[in-house]
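Report on the following structure.
Please treat every number below as a calculation from the coordinates, not as lab data. For clarity, every value in this text was computed on a predicted model and none was experimentally measured. As a convention, Cβ positions derive from the backbone with ideal geometry for all residues, glycine included, and neighbour counts pool all protein chains shown.
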Amino acid sequence: MDRQIRFSGFGGQGVILMGIVLARAASLYERTTTDDGHSRGKQAIQTQSYGPSARGGHSKCDVKISDHQMLYPFVEIPDDLIIMSQQAYLKYIGDRKPDTRILIDPDLVLERPEGDVYEVAATKAAESLGTRIVANIVMLGAFREISGIVSRDSLEKALFDSLPPATHELNKKALSLGAELGREAQSRLAKS
């Protein structure tokens, strides 16, 4: 497996956290068997960048996951592109291949590229849980459900490692809600 993932949005949405949690899930909790029969974690690299103003400016977090050692840390053209704001759409939509999997938050991204797009209303779903602050976790849960890139158990462990215990229950609900939205987005796309 060799996957390149780009999470994008604006500062304050938790885009960087999404990438950190995914890379952690892959490298610490996913297991792969080597040619000599040993079990080890997958290889993961996470890089990030954000605009001149941390909150409100553009933000992206790139993750590369592989079963093999990687020597180049940067994502050139992502296999998966998760877009959580119109600003991020304008900045990153050109960085894709014809088969790049695209997930967007339809309430924050006004345009649609040609081709298959998974629409996941993460912000609206987070509001139903009482706070927009978990929109990133909802989207992460949807992405995991759609891509199957790591197990739900691995993602949950990495999430709990990365956040204070007082937030675990809310984030667990957000992850579950995201998984449900991911299944619905897959179903809508299959019917179209």
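Would you mind getting me the FRET efficiency between D107 and K191? Use the beta-carbon distance for r and R0 = 25 Å, nearest 0.05. The partial results should precede the final answer.
Values: r = 21 Å, r/R0 = 0.85.
The computed FRET efficiency comes out at 0.75.
Assuming R0 = 22 Å, can you tell me the calculated FRET efficiency for the pair D2 and R183, based on Cβ-Cβ distance, to the nearest 0.05? Can you show the working numbers first?
On the way: r = 25 Å, r/R0 = 1.16.
Step by step, r from the Cβ atoms, then E = 0.30.
If each of E127 and Q86 carries a label point 7 Å out from its Cα toward its Cβ, how far apart are those two points in nm?
1.6 nm
Please give the residues of segment 133-167, grouped as numeric ranges, whose backbone N is less than 18 Å from a label point set 7 Å along the Cα-to-Cβ vector of D99.
146-149
What ranking, highest mean first, results for peptides 163-173, 114-124, 40-50, 88-98 when packing means the other Cβ atoms within 10 Å averaged over each residue?
Per-residue Cβ counts within 10 Å, averaged per peptide and sorted highest first, yield 114-124, 40-50, 88-98, 163-173.
Give, in nm to one decimal, the length gained when the segment between D36 and E114 is fully stretched (0.36 nm per residue of separation minus the Cα-Cα distance). Working shown, then result.
Working: separation 78, 0.36 × 78 = 28.08 nm, distance 4.41 nm.
The span from D36 to E114 would gain 23.7 nm if fully extended.
Check cross-link reach from K64 to the lysines: straight Cα distance under 29 Å, and skip same-chain residues fewer than eight apart.
K42, K91, K97, K124, K157, K172, K173
Thinking of segment 2-191 as a set of Cα atoms, what percent of all their pairs are more than 29 Å apart?
Values: 2911 of 17955 pairs.
When all Cα pairs of segment 2-191 are counted, 16 percent exceed 29 Å.
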